[in-house]
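A.B. asks: Input: one structure, supplied below.
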Amino acid sequence: MRSLLAFIWKNNFILLFLLLEIVSFGLVVQNNNFHNASFINSANSVTGGALQWQSNLSGYIGLREENAILAEENSRLHAQSITAFTKYTNRTFIHIDTIFNQRYTYLNAEVINNSVFKRNNYLTLNRGYAQGVAPEMGVISSNGVIGIVKDVSEYFCTVLSVLHKKSKTSARIAGKDYPGTLTWDGADFKYGTLTEIPSHVVLQKGALVTTSGYSAIYPDEVPIGTIVDYEVLPGDDSYTIRIKFSEDYSNLSHVYVVRNLLKEEQLELESKLED
């Protein structure tokens, strides 16, 4: 307390001058409309800037939570989309009926590990059998096909990426009814190869390539990529087609694990043909 009084006594002229300046400034602003409006506008600008900065900071901090909410919402929308349902009447599947039976469910998941530069690439997701994940389920993103679930623990699973030498995906060119096989040659993670498309089919660069729906893993018409080049090699009667993937596999964050509710029924029936 003694130090404070000593400081005031020592600087009394300066403090009195500052006090009078503040009082004068207040009187000018209060009794002059122009100065009053200028002061209010300046104060609002400073306050608004501070609030905007605070809002931007809060929004950035909350991006992770917002992304998780959006991924969960997208998974619900995928499950409600027309491609998640199979049409039937009296348990006989047809193409043009208006009654639908759900065939696929979608579980959102976060990619916690990923590789693209190896010959055999894998992903790790933060979903496991506690959330209903099982081996050989498909994994897709909003932009395209990702891979197939390989091993599952209680809360995690690994995914055999499309960028793997053993990966084979049934695919077709949009608008064409000829299925082919998509593989990866291990060179560039941006490109894949589509084969087994008959050479008499008319192709066009830029055409969309999607899943064929012929497997029990992926829904039909999931994007894969676009045609960048094609040729018929000597001695072949089918195309070798170079595809640019629609998904950037080096920048994955949220994906969806796809469960085919009719998979067991389909595989059981097809196994009888093999027997």
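A.B. asks: How big is the range 233-275 by the Kirkwood estimate over distinct Cα pairs, in Å?
C.D. replies: 15.3 Å
A.B. asks: What percent of all Cα-Cα pairs in the range 112-160 falls in each 10 Å bin, counting up from 0?
C.D. replies: That works out to 28, 57, 15, 0, in percent per bin.
A.B. asks: Sort the following peptides by mean Cβ neighbour count (other Cβ atoms within 10 Å, averaged over residues), highest first: 187-194, 222-229.
C.D. replies: Taking the mean over residues of other Cβ atoms within 10 Å, the ranking is 222-229, 187-194.
A.B. asks: Something else now. Any idea what the dipole of the range 139-275 comes to, in debye rounded to 20, about its Cα centre with Lys/Arg Cβ at +1 and Asp/Glu Cβ at -1?
C.D. replies: Magnitude of the dipole: close to 420 debye.
A.B. asks: If one computes the Cα centroid of the range 236-273 and of the range 127-142, what distance in Å separates the two points?
C.D. replies: So the two Cα centres are separated by 13 Å.
A.B. asks: Among residues other than Thr195 whose Cβ falls under 14 Å from its Cβ, what is the net charge (Lys/Arg +1, Asp/Glu -1)?
C.D. replies: Within the 14 Å Cβ shell, the charges total -3.
A.B. asks: Next question, about the same structure. Have a look at Tyr256, Val228, Leu203 and report the one farthest towards the positive end of the charge dipole of the range 202-260, computed about the Cα centre with Cβ charges (Lys/Arg +1, Asp/Glu -1).
C.D. replies: So the residue we want is Tyr256.
A.B. asks: Please list the non-local residues whose amide H lies under 5 Å from the amide H of Tyr178, H modeled 1.01 Å from N, same-chain partners needing a gap of 5 or more.
C.D. replies: Distant-sequence amide H within range of Tyr178: Ile173.
A.B. asks: How would His200, His164, His254 line up from fewest to most surrounding beta-carbon atoms within 10 angstrom?
C.D. replies: Ascending Cβ contact count within 10 Å gives the list His200, His254, His164.
Rule-based calculations on the coordinates, nothing more; no lab input. Keep in mind it's a predicted model, so treat the numbers as computed, not measured. Positions of Cβ are generated from backbone atoms using ideal geometry, with glycine treated the same way; all protein chains shown enter the neighbour counts.
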